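The values are calculated or read from the model by the stated rules, or taken from the named source; none is laboratory data. Please read all numbers here as calculations on a predicted model, not as lab measurements. With ideal geometry, Cβ positions are generated from the backbone for all residues, glycine too; neighbour counts draw on all protein chains shown. Quick note on the areas: whole protein, heavy atoms, side chains included, nothing else; ligands and nucleic acids left out. Shrake-Rupley method; radii C 1.70, N 1.55, O 1.52, S 1.80 Å.
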Amino acid sequence: MNTQSPWKAQFNKQSIYPTLNQEISVDIAIIGGGITGITAAQHLIQNGKKVAIIEALSIGEGTTGDSTGNLYIPVQPYYQNILKKFDNATVNTILSSRQFAIDYIEKIAAQENINCHFARRPWFLYTNNPEQIKFLETEVELMKKNGVAIDLTTSLPLNLEFKSAALLDNQARFNPLIYVTELAARLATKGCLIYENSRVIQSEETNNGVIFHTAQGKVFAKHGIIATHTPIGVNFKQMCLAAYRSYGVAAHLEDNIYPEGNFWDLNQPHHAICTHSDNGKALNLIIVSGNHHKTGQRQPHHAYYQDLENFLSEKFKISKFVYHWSAQHYHSADDVPYIGLADGAKHTYIATGYFADGLIYGTLAGIIIGNAILNNNKIGDWQKKYDATRFTPIASWSFFVKDNINVLMQYLKDLPTFKTTPYEDIKIGKGKVLEINHEKCAISRDANNQLHIVSAVCSHMKGIVNWNDEEKTWDCPCHGSRFTKEGKVIEGPAQFDLEKK
Amino acid sequence: MLIFIISIFILVALGGIYLISFILRNKNTPKGIAIIHGCGAILGAVLLIIYCIFYKNAPILSLIIFIIAACAGIILLHKDLSNTISPKKLAIFHGVIAILALTSLIIFAYSS
């Protein structure tokens, strides 16, 4: 079983761009080489701007490379919930902007001649629960009212039990890693400066722009875009976000029949089934994703991958499970992403809170922020609806209270134990937080029986990290920072590694 | 009621002494204790405000000093969580002010 996404496993991507080790000046500096950063760069370069992309890992290696490669206008929080919190104009803006983003990806792939396996295909919503039928029908009606060609259907191309289902045609799939990697390569030939393995450890705003610092270099720019999925460092916006991990499992079917489609069920926990190709030829994979939980707050002893494998095995005749992987996503407090100038900033833009719908929202964010910079922050309708500084107390209060109490409860667990458990108790492949000399230490034992000891205090806001048994990582339950067993930052708002002990 | 409030503040102070021992040794404070310490202080301060509202002869000076200590505590927590500065000096200031407030409250209780 491959423990990477099909895109990463097949692409076998290496870093090809240099590390930033000098001072440079550009018009726009972008932190993050995922779909948000690359789209923004594409939009800005096309309009004659000098752009630098500073990526902590390699291009597309973050969440973009771990996504499921599905492009669709529906959203995970569902439009009827957004309607309750906002109004129909907001629903309409989100629907039309997401449709624009799908068309944009198709256009750019064609224009730049990127073979990212883009293909149009239908999206389905179904339920086997009679109590959910009304919800499904309301969602369909709302989308129809806003001009979307969705309708109820009596058949599904996959053998799934359902009592009610809807079909939305003309959605799409693609290989997200090929798309961003190839687009980055095209941008590099047009003068875009790209740096990999260059983590920004400090960002500051000046009167004239921004300065981003890495360990060995510095970027001066008139505008900065933090396209890191969640703002890095300590940021007020993190109180309006919750980090989740979701899981994906891909398998080959015995009958080798893979109909085109993306299928969402309305059950809890939610599952999304889709078909894909890992080699760019005929469809050869069935993928199920879902089973999400708050990052760093997994249920002990719960086998998330096994759960998804069982789900697929119950519904289809599986010949072989080929890939399993996980990815992170962030929920926003009012169900709409935050895209635009950061709170209190004049030159720094953020884009976050995409839910698991990030390929489209990331593309949109790149376009919206690009437009904001090009039009000197003249507010357009999309900019207004996604505004990162919006104040929506009624729509956000329930999330805000619940999630920040949750964070407080995580901090409350940080109590002294007054005892030392011997390391010998830690088995191979396991990790544990132990108290040594009055300090919490994150101790894990790898497959070679080697012990790794790092501080258990998250370098972001000092939450105590928890061992993630599925990924063999240390995950912070407060704001979603993740670290390798050696303490190196993988993702999340943390900018520094866990302290070595 | 004043004795009850003093008892709460003494327990809060014990938590504070435990926490400052970590800061002085450059170790991370257990955030669970820090939150309990903060919640206890809020409870004590709220009760003290209620006391000041309902009694003519009230320890207003102690209340003011406690509020200063509380403000320092909030800044301390923020600085600590956001890794902005080493909070040693601020922690000592917060502790000294809080002890001063507690002492003045005890003196008030036994002199009135």
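Annotations
- Calculated SAXS-style log₁₀ I(q)/I(0) at q = 0.22, 0.25 Å⁻¹ - the range B:15-112, Debye, Cα scatterers: -1.10, -1.33
- Whole-number Å³ per residue for the convex hull built on Cα positions in the range A:157-207: 290 Å³
- Projection of the Cα convex hull of chain A, averaged over all directions and equal to a quarter of that hull's surface, yields 23.0 nm².
- For a 4.7 Å threshold on C-beta separation, the list of partnerless cysteines in the protein assembly as shown reads A:CYS116, A:CYS192, A:CYS240, A:CYS274, A:CYS441, A:CYS478, B:CYS39, B:CYS52, B:CYS71.
- Backbone N within the range A:397-419 under 17 Å of label point (7 Å from B:CYS39 Cα along the Cβ vector): A:401-416
- For A:PHE400, the shell of other residues with beta-carbons less than 14 Å away shows a net charge of +1, using +1 for Lys and Arg and -1 for Asp and Glu.
- Spatially proximal lysines relative to B:LYS27 (Cα-Cα < 20 Å; intrachain offsets below 8 disregarded): A:LYS413, A:LYS419, A:LYS432, A:LYS440, A:LYS462, A:LYS500, A:LYS501, B:LYS79, B:LYS88, B:LYS89
- Sequence-ordered 3J(HN,Hα) estimates for the range A:118-124 from the Karplus curve with 6.51, -1.76 and 1.60 and θ = phi - 60° stand at 5, 8, 6, 6, x, 10, 10 Hz, glycine and proline given as x.
- Legend: calculated FRET efficiency, A:ASP497 to B:LYS56, from the Cβ-Cβ distance at R0 = 56 Å, rounded to 0.05, equals 0.45.
- Based on Cα contacts under 8 Å between residues 6+ apart, chain B shows a relative contact order of 32 percent.
- Two-site FRET efficiency, B:SER7 against A:ASN12, from Cβ-Cβ distance with R₀ of 56 Å, rounded to 0.05: 0.25
- Counting every alpha-carbon pair across the range A:74-120, the share separated by more than 15 Å comes to 53%.
- Computed log10 I(q)/I(0) for the range A:438-501 at 0.14, 0.16, 0.26 Å⁻¹: -0.32, -0.42, -1.08, from the Debye equation with unit scatterers placed on every C-alpha and solvent omitted.
- Taking a sphere under 12 Å around the Cβ of A:LEU451 and counting the other residues whose Cβ falls inside, with K and R at +1 and D and E at -1, yields a net charge of +2.
- Diffusion coefficient of the range A:348-435 by Stokes-Einstein, Kirkwood radius over Cα pairs, 37 °C, 0.692 mPa s: 187 µm²/s.
- The apolar share of the surface of the protein assembly as shown, taken as the fraction of accessible area on carbon and sulfur atoms (1.4 Å probe, ligands and nucleic acids excluded), comes to 57 percent.
- Aspartates and glutamates whose Cα lies under 19 Å from that of A:LYS134, excluding same-chain neighbours fewer than 8 positions away: A:ASP151, A:GLU161, A:ASP265
- In summary, the lysines within cross-link reach of A:LYS222, defined as a Cα separation below 28 angstrom excluding same-chain residues under 8 places away, comprise A:LYS49, A:LYS50, A:LYS190, A:LYS237, A:LYS346, A:LYS378, A:LYS384, A:LYS385.
- Paramagnetic reach from A:LYS413 (point 7 Å along Cα→Cβ, amide N under 16 Å) across the range A:482-501: A:482-483
- Inter-label distance, A:ALA89 to A:GLU137: 3.1 nm, where each label sits 7 Å from its Cα along the C-beta direction.
- A P(r) calculated from all alpha carbon pairs of the range A:1-122, with 5 Å bins opening at zero, reads 2, 8, 14, 17, 19, 16, 12, 8, 3, 1, 0 percent.
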